[in-house]
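S.K.: So that we are looking at the same thing, I have put the structure below in structure tokens.
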Amino acid sequence: MAWYAYCIAERQVFPELGRHRRPIPLAGVTGLFGNQTFLFPASELAVIVSEHNPEEIDKLDQQAAKDHARVIADCFKLSTVLPFRFNTTFADDDSLRRSVRSNQRHFLANIERLRGKAEMHLKVLVDDTCPGNAARDMTVGQQYLTSLRESASRQRERQSKARALSLQMHRMFLPIAEEITCKRMESGKMLLDIAHLIDNKTVERYQNKYSAATQQLKECSMQLSGPWPPYHFVHRNPSTQQHHV
């Protein structure tokens, strides 16, 4: 039997697994294409899976990606989860067990690190204070060199502004860990994409801080979503910060 994998969870959270060594149905959670989901026992862990037909590979569209995320979100309500990337499949029971067994120490450490944690996602849109010329003067000689220097200067200014704004956000929200990317939009604005790792118990406090931030930072357009499973903090160092402009 080939399996489509959604996430890894704590086996102890699902007493219905008991001493089962074979997959058992997971009630109330429907997988891709309406398939039944299963709890696949693997030592101290449980892998949430559904049956996979390789011929369905062409059906893995945007809706399938949303359904993948929905299953993970449903499981996140029950347990700490380590999400698999979209379209992670295993050819049979043995390949799934081998994969979990070979990475078990890493999985258990991540579950311990992320237990009781959630991810909040902020999008912050702000005017670019140094838009510069859309097209660089390609004239050979002094004008071209001057254009290069101006472009480099604008890049440094953008990075400086992005760092200052992300630091301000950090001081406002005080996350356990964060990952930040920044890019310049075609509209000329800068978009900061911020993932914050927080304690589940502080979600309401975080939402209140967000309301205060929207009032304080009038020059920014902000959007908040979450709490989510900790997607950004499973495969990366939790203290990682990235700034790309």
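S.K.: Just to check your reading of the model, which residue among Lys66, Lys59, Lys77 is surrounded by fewer than 22 Cβ atoms within 10 Å (Cβ to Cβ) and modelled with pLDDT under 90?
M.R.: Details: Lys66 fails: modelled with pLDDT under 90; Lys77 fails: modelled with pLDDT under 90.
None of the other options fit; the residue is Lys59.
S.K.: Output yes when any residue across region 217-231 is touching a residue at least 60 places away in the same chain (Cβ under 8 Å) and of a type in the set (Asp, Glu), and no when none is.
M.R.: For region 217-231, residues touching a residue at least 60 places away in the same chain (Cβ under 8 Å) and of a type in the set (Asp, Glu): present.
S.K.: Scan region 42-56 for residues that are open to solvent by 40 Å² or more (accessible area, probe 1.4 Å) and either assigned to a helix (DSSP H, G or I) or modelled with pLDDT of 95 or more (or both) and report the count.
M.R.: Pass one, region 42-56, residues open to solvent by 40 Å² or more (accessible area, probe 1.4 Å): 43-44, 51, 53-55.
Imposing the further condition that a residue be either assigned to a helix (DSSP H, G or I) or modelled with pLDDT of 95 or more (or both) reduces the set to 54-55.
So the count comes out to 2.
S.K.: Return the pair list, or none, for Cβ contacts closer than 6 Å from residues in region 90-104 that are within 14 Å of Pro23 (Cβ to Cβ) to residues that are in a helix (DSSP H, G or I), at least 6 apart or on different chains.
M.R.: Close Cβ pairs (under 6 Å, with a partner that is in a helix (DSSP H, G or I)) amount to Phe90/Leu96.
S.K.: Would you be able to say whether some residue in region 121-139 is at pLDDT 60 or above, assigned to a helix (DSSP H, G or I) and open to solvent by 60 Å² or more (accessible area, probe 1.4 Å)? Spell out the reasoning first.
M.R.: The initial filter retains those residues of region 121-139 that are at pLDDT 60 or above, namely 121-128.
Add one more test, that the residue is assigned to a helix (DSSP H, G or I), and what stays is none.
Among the residues of region 121-139, not one is at pLDDT 60 or above, assigned to a helix (DSSP H, G or I) and open to solvent by 60 Å² or more (accessible area, probe 1.4 Å), which makes the answer no.
S.K.: Output the residues belonging to region 171-189 that are in a helix (DSSP H, G or I) and surrounded by 15 or more Cβ atoms within 10 Å (Cβ to Cβ). Step through it out loud before you land on a result.
M.R.: Of all residues in region 171-189, those in a helix (DSSP H, G or I) come to 171-173.
Hits for region 171-189 are Met172, Phe173.
S.K.: On to the next question. Taking region 5-41, which residues are touching a Phe, Trp or Tyr at 6+ places or on another chain (Cβ under 7 Å) and open to solvent by 10 Å² or more (accessible area, probe 1.4 Å)?
M.R.: Pro23, Ile24, Pro25
S.K.: Within region 38-68, track down each residue that is charged (D, E, K, R) and touching a residue at least 60 places away in the same chain (Cβ under 8 Å).
M.R.: To start, the set of residues in region 38-68 that are charged (D, E, K, R) comprises 44, 51, 55-56, 58-59, 61, 66-67.
Selection gives Glu44 alone.
S.K.: Could I ask something else about it? What pairs come up if the first residue lies in region 20-37 and is part of a helix (DSSP H, G or I), the second is charged (D, E, K, R), and their beta carbons are under 6 Å apart, counting only those six or more places apart or on different chains?
M.R.: Leu32/Asp67
The values are calculated or read from the model by the stated rules, or taken from the named source; none is laboratory data. These numbers come from a predicted model, not from an experiment. Note that we place each Cβ from the backbone using ideal geometry, even for glycine, and neighbour counts take in every protein chain shown. These area figures cover heavy atoms from the full protein model, side chains too; ligands, DNA and RNA do not enter into them. Shrake-Rupley method; radii C 1.70, N 1.55, O 1.52, S 1.80 Å.
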